[in-house]
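Notes to accompany the following structure.
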Amino acid sequence: MTDELPFEIFIRETERLFETAKTKDEFEYVCALINFNGMGDPRAFSHIHESRDLFFQMVELIEKSDNKHEQIRLLLLLYCHIFEMDEFYNIIGNMLRISLGERYGVMLYNSPTLTTELKPANKLDKLKSLAKKAGFELLIDTIKNLYSSPLRNSFFHSSYSLSGDDYYIVSGKELKINGMSKRVVSLRDYILPLTQSTVNIAGHFFNLLRSSRLDYKENKIVIGRLEPKGVKIEIMGHPERGLSGFKTIIE
């Protein structure tokens with residue numbers, strides 16, 4: 001048992017994960033940091049930039065609001081968006097893969113070649129499988145404990161209602177809390193802690209990505225596993241903008 005808050009565990013374990021991946025293979029780590037998916041406008045290849053902008057805009061709206069139900073609706077909207085972000089799972093999954101000595105995988109859990117579209121619970125199960133091997137089970141368990149499929153479904157399918165300090169599931173699956181099924185839960189005791197903790201970990205996720213990229217203040221030469229004998233790769237850094245990409249060095 002631990003008295004640490006989910007946010008505190010997430011901070012410690014994600015920072016340890018990123019450092020482990022960087023130490024294991026820095027080129028693969030850089031690919032994961034920039035969420036590499038091709039050459040060109042990064043916004044055309046990944047939603048992470050849009051999700052980041054939406055996240056901080058929504059947080060600002062929540063902080064400005066003095067209406068309890070308005071805050072709850074915005075928190076729930078952000079909660080659902082966070083767990084729908086493919087790149088959240090892809091980046092963490094790739095960091096786990098790299099820490100195990102594996103290669104970076106493009107569109108790890110949302111590739112069009114997947115025969116079945118993965119739901120958030122499926123992606124979390126895949127992360128858990130990697131985490132067991134890599135020694136990061138606590139990190140994934142912390143994320144899994146914050147995810148509620150019935151809550152997501154009730155909000156996204158507009159089958160919920162707010163009344164006073166209660167959240168009602170009007171139709172659909174009931175919430176499972178401590179082994180008990182509940183159709184009505186407290187906003188203060190259940191919804192707020194769950195959504196606020198999720199928003200907190202997402203905020204750290206975006207901030208860690210940003211700070212990790214800003215660590216690259218100048219170009220750096222590393223060896224990438226693009227060929228059996230390895231290839232020299234120049235990681236492109238900048239004093240203010242940080243990591244911008246990489247290029248192979250032809251000798």
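The values are calculated or read from the model by the stated rules, or taken from the named source; none is laboratory data. Because the structure is predicted, anything quoted here is derived from the model rather than measured. When we count neighbours, we look across all protein chains shown, and the Cβ atoms used for this are built from the backbone with ideal geometry, even at glycine. Note: areas computed on protein heavy atoms with side chains; ligands, DNA, RNA excluded. Shrake-Rupley method; radii C 1.70, N 1.55, O 1.52, S 1.80 Å.
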* To do: On the protein heavy atoms, probe 1.4 angstrom, tell me the percent of accessible surface of the chain carried by carbon and sulfur.
  => 50
* Could you pull the accessible area for Lys182 with a 1.4 Å probe, rounded to 10 Å²? => 80
* Counting only heavy atoms of protein chains, what accessible area per residue, in Å², does segment 64-195 have with a probe of 1.4 Å? -> 49
* Value of relative contact order over segment 23-174, rounded to a whole percent, pairs C-alpha under 8 Å and six or more apart -> 21
* Asked: Once the principal axes of the Cα atoms of segment 188-227 are found, what is the range along each, listed largest first in whole angstroms?
  -> 53, 25, 6
* To do: Please identify the helices of the chain, taking whole runs of DSSP H, that span at least 18 Å along their own axis as judged from the Cα atoms and have a mean Kyte-Doolittle score of -1.0 or higher.
  => 6-24, 48-64, 68-84, 86-99, 120-134, 192-214
* Using Cα pairs closer than 8 Å and at least 6 residues apart in sequence, work out the relative contact order for segment 96-251, in percent. => 11
* Structure fact -> The value for segment 67-112 (convex hull of the alpha-carbon atoms, volume per residue, Å³) is 64
* To do: Kindly report, to the nearest 10 Å², the accessible surface of Ser211 as traced by a 1.4 Å probe over protein heavy atoms only.
  => 50
* **Volume per residue that the Cα convex hull of segment 181-251 spans, once the total is divided by residue count, Å³** => 142
* Keeping all protein chains in position, work out how much accessible area Met180 exposes to a 1.4 Å probe, and write it in Å² to the nearest 10. => 110
* Could you give the dipole magnitude of segment 155-251 about its Cα centre, charging the beta-carbon of Lys and Arg +1 and that of Asp and Glu -1, in debye to the nearest 20? -> 240
* Asked: Going down the table (Lys220/Lys247; Lys24/Lys119; Lys123/Lys182; Lys68/Lys144), which pairs top 19 Å between alpha carbons?
  -> Lys24/Lys119; Lys123/Lys182; Lys68/Lys144
* Name the aspartates and glutamates eligible as straight-distance cross-link partners of Lys133: C-alpha to C-alpha under 16 Å, and not fewer than 8 places from it in the same chain. => Glu13, Glu102, Asp125, Asp141
* To do: Work from the charge dipole of segment 148-251 (Cβ charges, +1 for Lys and Arg, -1 for Asp and Glu, about the Cα centre) and give the residue of Ile233, Leu194, Ile177 farthest towards its positive end.
  => Ile233
* **Principal semi-axes in Å for segment 123-218 [√(5λ), Cα gyration tensor, largest first]** => 32, 18, 11
* Asked: Semi-axes, largest first, in whole Å: what does sqrt of 5 times each Cα gyration tensor eigenvalue give for the chain?
  -> 36, 19, 16
* Take Asp189, Asp53, Asp25 and sort them by solvent-accessible surface of the protein heavy atoms, 1.4 Å probe, largest at the top. => Asp189, Asp53, Asp25
* Cα-centre dipole for segment 198-251 with unit charges at Cβ (Lys and Arg positive, Asp and Glu negative), debye to 20 -> 80
